[in-house]
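Student: Input: one structure, supplied below.
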Amino acid sequence: MGFIYEKLARRALFKMDSEPAHEFGVNALALLGRVPPLCRVLEAFNRLPVSHYKPVEAFGLKFPNAIGLAAGFDKNARAWEAAAALGFGHVEIGTVTALAQPGNPKPRMFRYPAEEAVINRMGFNNEGSEAVAARLAKQPGPGKRRIPLGINLGKSKVAPLEGAVDDYLASFGRLADFADYLVLNVSSPNTPGLRTLQDEKPLRELLGAIMAANRERATKRGGALVPVLLKIAPDLTWPQVDAALGVIAEFGLAGIIATNTTLARPGFFAGVNETGGLSGRPVERKSTEIVSYISRTTGGKLPIIGVGGICDTRGAAEKLDAGATLVQVYTGMIYRGPFFARDLAWGVAARQRS
């Protein structure tokens, strides 16, 4: 399937600018999601046979395979229902902010096919948490989904840093009931000042407030806490990673996502002048190093979702071998096609059996 995509469909899509091609993909997946019988047929074809795998268990959830669709593709919960049909074991929507916002000026997404990379400076363009909550209310909820759904939360651009906690809390209050797990994204390079929330003091304030709201919600509903994860940047120093892990442990978060896009410009990209976060193959090694470091530092006790530069089975397997519980892809799917998750899941299973 990947061969057909690379030879035919990708050629046509790559004649379009990056963002219209992305919207085409979202619209196509949303359309597929409106045809449940077709989704079930595709899912049956793409999923691993039971004899080939055991469900992955993490933060109280079961995942049919370790491959997820990263945040950034389906920002507004329009297309996620069809993700299982493509072979994904989970899907993460967003990033969603408390307020609707258009994002940064266009053009803001750039492909580099020879490097299997993308630079984006989208700026959390989304319809806002109230609109996304209204859409999710009409879709299958927790316990009724084919695969787990994560919701990635960010800060509204107009919210001052001193108001960041309230901004995240607003989105948490609107979306927690719809999430199998929630992610606090404090690591995008495309919202001014956002990455300063990774510093120990503001991070402690944010995580403390979110987890207090999480406990209050659970008490009122007589249920469990929503698993909350933190997404970090690949550009942190090791002491900064240590500080983040300390705060995660202090407030009892369910896991960590490593990593977001990078501001570094290695190799070929030293001569590229576009601002924004670099994703794809160039970030692969660094993100895997961070996954390995977190796993060793925490004794393998903190669930990790490994993200960054996965473009083939080897890359997915390396992150899992480094200590990731799950992995996510997005840029790799741009270059390898919509059934990339299926290929990875089957490939990882084959390596694990050999």
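The values are calculated or read from the model by the stated rules, or taken from the named source; none is laboratory data. All values derive from a computational prediction rather than experimental measurement. Virtual Cβ from ideal backbone geometry, glycine too; neighbours counted across all protein chains shown.
Student: For segment 36-61, how many residues meet the condition of being over 14 Å from ILE147 (Cβ atoms) and in contact with a strand residue (DSSP E or B) (Cβ under 6 Å, 6 or more places away or on another chain)?
Tutor: The total comes to 1.
Student: Among residues belonging to segment 131-155 that are in contact with a strand residue (DSSP E or B) (Cβ under 6 Å, 6 or more places away or on another chain) and of a type outside the set (A, V, I, L, M), point out the one that is surrounded by the most Cβ atoms within 10 Å (Cβ to Cβ).
Tutor: Restricting to residues being in contact with a strand residue (DSSP E or B) (Cβ under 6 Å, 6 or more places away or on another chain) and of a type outside the set (A, V, I, L, M), the top hit is GLY154.
Student: Here is a follow-up. Do we find that GLY94 is on the phi > 0 side of the Ramachandran plot, assigned to a strand (DSSP E or B) and in contact (Cβ under 8 Å) with a residue 24 or more places away in the chain in this structure?
Tutor: Against the criterion (on the phi > 0 side of the Ramachandran plot, assigned to a strand (DSSP E or B) and in contact (Cβ under 8 Å) with a residue 24 or more places away in the chain), GLY94 qualifies.
Student: Looking only at segment 222-278, which residues are surrounded by fewer than 20 Cβ atoms within 10 Å (Cβ to Cβ), of a type in the set (S, T, N, Q) and assigned to a loop (DSSP other than H, G, I, E, B)?
Tutor: THR237, ASN273, THR275
Student: Of the residues LEU38, LEU42, LEU32, only one is surrounded by fewer than 16 Cβ atoms within 10 Å (Cβ to Cβ), of a type in the set (A, V, I, L, M), at negative phi and assigned to a helix (DSSP H, G or I); which? Even if it seems obvious, please write down each step before you answer.
Tutor: On the way: LEU42 fails: surrounded by fewer than 16 Cβ atoms within 10 Å (Cβ to Cβ); LEU32 fails: surrounded by fewer than 16 Cβ atoms within 10 Å (Cβ to Cβ).
None of the others qualify; the one that does is LEU38.
Student: If you don't mind, there's one more thing I want to ask. Against the condition surrounded by fewer than 21 Cβ atoms within 10 Å (Cβ to Cβ), of a type outside the set (Phe, Trp, Tyr), assigned to a loop (DSSP other than H, G, I, E, B) and in contact with a strand residue (DSSP E or B) (Cβ under 7 Å, 6 or more places away or on another chain), how does ASN76 come out, does it pass?
Tutor: Details: surrounded by fewer than 21 Cβ atoms within 10 Å (Cβ to Cβ): yes; of a type outside the set (Phe, Trp, Tyr): yes; assigned to a loop (DSSP other than H, G, I, E, B): yes; in contact with a strand residue (DSSP E or B) (Cβ under 7 Å, 6 or more places away or on another chain): yes.
The answer is yes for ASN76.
Student: Which ones in segment 200-236 are more than 17 Å from VAL183 (Cα to Cα) and among the charged types (D, E, K, R)?
Tutor: Keep residues of segment 200-236 that are more than 17 Å from VAL183 (Cα to Cα), which gives 200-201, 216, 218-223, 235-236.
Once the filter is applied, which keeps residues that are more than 17 Å from VAL183 (Cα to Cα) and among the charged types (D, E, K, R), segment 200-236 yields GLU200, LYS201, GLU216, LYS220, ARG221, ASP235.
Student: Does segment 71-90 contain at least one residue that is basic (Lys, Arg) and closer than 20 Å to SER279 by Cα? Before the answer, list the steps.
Tutor: Restricting attention to segment 71-90, the residues satisfying the condition of being basic (Lys, Arg) are 75, 78.
This time we only want the ones that are closer than 20 Å to SER279 by Cα, so: 75.
The answer is yes; a qualifying residue exists.
Student: When segment 178-203 is examined, which residues are found to be surrounded by 21 or more Cβ atoms within 10 Å (Cβ to Cβ), over 24 Å from TRP238 (Cβ atoms) and either free of Cβ contacts under 8 Å to residues at least 12 places away in the same chain or of a type outside the set (Phe, Trp, Tyr) (or both)?
Tutor: ALA179, ASP180, LEU182, ASN190, THR191
Student: Give me the pairs: first residue in segment 32-47 and more than 17 Å from GLN139 (Cβ to Cβ), second residue at pLDDT 95 or above and of a type outside the set (Phe, Trp, Tyr), beta-carbon distance under 6 Å, and six or more apart or on different chains, which are they?
Tutor: Note: pairs meeting the criteria are LEU42/ALA85; ASN46/GLY87; ASN46/ARG342.
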